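Structure first, then comments.
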Amino acid sequence: MSDGTAGRAGVGGQVWGDGTRVVRAGEEAAVPGAPMRPSPVFAAPFHLGDRPPGADGADTYARTGQPTLRVYEAAVGELDGGRCLSFATGMAAIGAAVLAVVRAGDRVVLPSDGYYATRLLARDELERYGVTVQYVPTPEIGEVAARGDLEGARFVMLETPSNPLLDVCDVAAVARATRAAGAVLAVDNTTATPLGQRPLALGADLTVAADTKALTGHSDLLLGHVSTADDELFARLKDHRDHTGGTPGPFEAWLGHRSLSTLDLRLGRQAATAAAVADLLAAHPAVSGVRWPWRPGDPSHELACRQMLRPNGVVSAELADASAVARLLGASRLWTAATSFGGVHSTLDRRAQWGGDAVGEGFVRLSCGIEDTADLVADLTAALDAV
């Protein structure tokens, strides 16, 4: 795993660390008197003058692009190692990634244990349009690829680490198989973030994410994005967004760019807490099935350490039942019942209540925030003892 120093080359060829990259990503040359961070541009139409629409790249209408959005996309694209298109939500980004590629009669391969809303999209929308959907568990996708079972697929999506089980799969190996099969490979990188994993560098065609979660990390906006290094795919994604109107507003893009600057600091605290929380949970008699890929002994530990650049703050575990989870939450002062993850507040989500994941009634996903690690561990210890 990286210590956060593996970044892009800076002035004079030096390597910039993650903290520098997230603060400086997307920056242009400084102009005296200009603000340090560009203010949001609030506009729907723009002056056309006497030039044809879009001449010289000039803005015309905000659905197809506008200055604040481009600044945010430049920053995220730089971190991803490709060109970025931002969307109003993570699901809008995932939908665009699929629909810009597939057509009726195509076969799509999706994780059976990934984000449940992606499976709902497939069941309620893709299948309605005549797309065949095959579901494969994350731990098995490498075996499926090695057997050649991806032949004939048009689009393959991975989510690694998976949500909520936190399994990891070998992106580079699957990328080799999808390339040989002529399929497009997309990786949902929401849990890892661009600092934790760079799917494009591992061979993926697309990387997608719900920026709502760890990337912006303050639980106060909805955003998503798709990045690619393929110009043809980028053009198709851009056309899809222009036609369907999934463009985020300028204030959301501005908030996203501002929040991105603290990603390195947030991930560092969240990962340190997750390591302590995983150890606490694994040692407690009321808990079983603890998963955190960077904990020695975890089924995904070796691959996570080899493939990923740094850990994050999401841990999963199993309590006896729903009432045990309720007792834990009732005894806690710092762990809040909420869905989503990656924010500055520590949260606990009993996943079975949503009905989309094949997990037990007591299965929980813990998202470690940026509160003091010692406080969170002490509070969770007391709450577990009350279970």
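The values are calculated or read from the model by the stated rules, or taken from the named source; none is laboratory data. Only a predicted model underlies this, so the values are computations on that prediction, with no experimental measurement involved. Please note: Cβ atoms are built from the backbone with ideal geometry, for glycine as well, and neighbour counts cover all protein chains shown. To get the accessible areas, we keep the full protein, side chains included, count just its heavy atoms, and leave off ligands, DNA and RNA. Shrake-Rupley method; radii C 1.70, N 1.55, O 1.52, S 1.80 Å.
Brief remarks on what is shown
- Whenever a residue of the range 124-148 is over 13 Å from residue 173 (Cα atoms), its partners that are open to solvent by 70 Å² or more (accessible area, probe 1.4 Å) and part of a helix (DSSP H, G or I), lying with C-beta atoms within less than 8 angstrom and at least six residues away or across chains, give the pairs 133/123; 133/127.
- Residue pairs whose Cβ atoms lie under 7 Å apart, separated by 6 or more positions or on different chains, with the first residue in the range 216-243 and within 15 Å of residue 190 (Cβ to Cβ) and the second open to solvent by less than 50 Å² (accessible area, probe 1.4 Å) and acidic (Asp, Glu), are 223/211; 224/211; 225/211; 227/80.
- Scanning the range 272-292 for residues that are β-branched (Val, Ile, Thr) and touching a residue at least 60 places away in the same chain (Cβ under 8 Å) yields 273, 277, 287.
- Some residue of the range 359-381 being open to solvent by less than 40 Å² (accessible area, probe 1.4 Å), of a type in the set (Gly, Ala, Ser) and in a helix (DSSP H, G or I): no
- Failed condition for residue 226, given (1) assigned to a loop (DSSP other than H, G, I, E, B); (2) open to solvent by less than 40 Å² (accessible area, probe 1.4 Å): (1)
- Scan the range 172-204 for residues that are under 18 Å from the mean Cα position of the chain (by Cα), charged (D, E, K, R) and open to solvent by 20 Å² or more (accessible area, probe 1.4 Å) and the total you get is 1.
- Qualifying residue in the range 316-338 (condition: under 25 Å from residue 19 (Cβ atoms), open to solvent by less than 10 Å² (accessible area, probe 1.4 Å), at pLDDT 95 or above and under 24 Å from the mean Cα position of the chain (by Cα)): no
- One residue alone among 59, 50 is free of Cβ contacts under 8 Å to residues at least 60 places away in the same chain and crowded, with 18+ Cβ neighbours inside 10 Å, and that residue is 59.
- Among the candidates 310, 306, the residue that is under 29 Å from residue 21 (Cβ atoms) and not in a loop (DSSP other than H, G, I, E, B) is uniquely 306.
- Verdict on residue 342 being crowded, with 20+ Cβ neighbours inside 10 Å and touching a Lys or Arg at 6+ places or on another chain (Cβ under 9 Å): yes
- Residue match in the range 245-254 (condition: touching a Lys or Arg at 6+ places or on another chain (Cβ under 7 Å), in a helix (DSSP H, G or I), open to solvent by 20 Å² or more (accessible area, probe 1.4 Å) and more than 20 Å from residue 345 (Cα to Cα)): no
- Of the criteria (1) free of Cβ contacts under 8 Å to residues at least 12 places away in the same chain; (2) within 24 Å of residue 160 (Cα to Cα), which one residue 295 fails: (1)
- Long-range neighbours under 6 Å by Cβ, at least six apart or interchain, first residue closer than 14 Å to residue 290 by Cα within the range 363-385, second open to solvent by less than 10 Å² (accessible area, probe 1.4 Å) and among the acidic types (Asp, Glu): 365/349
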